[in-house]
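Just so you know, all these numbers are worked out from the coordinates, no wet-lab data involved. Nothing here was measured: the structure is a model prediction, and the numbers come from that model. Cβ placement follows ideal geometry from the backbone for every residue including glycine, while neighbour counts extend to all protein chains displayed.
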Amino acid sequence: MLTSGGFGHPRMGHMSRTLHPGELLEHETELMAQPISVPGRTLEDVLIPARGFLPARTLQPGEVLRIVDVEGAQVADVLLFAPRNLKNVSSMSNTQVLASSWNITLGHTIYSKFGDRMATIVNDTVGRNGAVGGFCNPASNFLRYGIEGTHSCLSNLVSSMRDYGLAPLDIQEGVFCPFMCVNYGTGGELTIELPKSRPGDYLDLRADMEVIVAMSNCPSEHNPCNGWNPTALRAVIYKAEGNEPLVEPHSREEV
Ligand SMILES: [Zn+2]
């Protein structure tokens, strides 16, 4: 099923006509026409417009969310919830400690705040992902750039979780950021750099339990996080079949 994700903000450069919910722009229709092959049966295929979000949905154990960076250098912000307790969200501190790594990539498992094994990365063609846990929000954007009321991953995640009735204060830190390139210097420096993802790169996240997945297509455009130019992502949900060989990340040698 081909569908479109949501967008809670005017899409820059395409203001000449009114879009109906779920309607794809011509450019986006072209992107969706490009086939994506997955090692299993596709259940859903959703284009998430630049600055938009994936309406949250439940993954059953064994189902895989493939996040495709359609045009390159674009970051996703993914927050996982345990369906029976929405306070039991993905925890990047638990995940990093258990992985003994700040770069969460192929083979690593995302753990919840209360210690549940939520999902595992079973493919990652890039090999660099952000696990700081936080996400862009109006408060930090004002402190960083002096701009009030910016569109942000916080509002996208609230929109993503709309059917679950969560308010901004309910959205806790614990976000995993596929393709986000965070560097830690030996002197303690932390910098956000241009993603290493190229058009068509992807990361596969396999649910290890029933999880609700919320996702923002990061709208940040005042730093290199998305190459100063937010673009579309694609979310393909599939049921894995067989044991496909894992794809080695292309940037592993650069890490
Ligand atoms: Zn963001």
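Compute the longest continuous run of the chain that contains no exposed trypsin sites (Lys or Arg not before Pro); treat a site as exposed when its DSSP state is not H, G, I, E or B and it has at most 10 other Cβ atoms within 10 Å.
It works out to 85-255.
Apply the Karplus parameterisation 6.51 cos²θ - 1.76 cosθ + 1.60, with θ equal to phi minus 60°, to every residue of region 45-61 and state each ³J(HN,Hα) to the nearest whole Hz, in sequence, with x for glycine and proline.
Residue by residue, region 45-61 yields 9, 10, 8, 9, x, 3, 6, x, 8, 8, x, 4, 8, 9, 9, 8, x Hz.
Suppose the chain between T42 and L86 were pulled fully straight at 0.36 nm per residue; how much longer would it get relative to their current alpha carbon spacing?
13.1 nm
On full extension of the chain, what length is gained from E23 through E210, given 0.36 nm per residue of separation minus the C-alpha to C-alpha distance?
64.4 nm
If you build a Gaussian network model of the chain, linking Cα atoms that sit under 10 Å apart, which residue out of S90, S152, S100 swings the most?
Result for the chain, Cα springs under 10 Å: S100 fluctuates most.
When N counts the residues of the chain, how does its alpha-carbon radius of gyration compare numerically with 2.2 N^0.38 Å, as a ratio?
With N residues counted in the chain, Rg over 2.2 N^0.38 Å equals 0.94.
Which shape class applies to region 96-188: rounded if a/c is under 1.5, otherwise prolate when a/b exceeds b/c and oblate if not, where a ≥ b ≥ c are the square roots of the Cα gyration tensor eigenvalues?
In terms of gyration-tensor shape, oblate.
Taking H as built 1.01 Å from N, whose amide H comes closer than 5 Å to the amide H of E63, not counting residues under 5 places away?
For E63, the qualifying residues are A207.
Extending each Cα 7 Å along its Cβ direction at D170 and N183, get the distance between those two points in nm, one decimal.
4.0 nm
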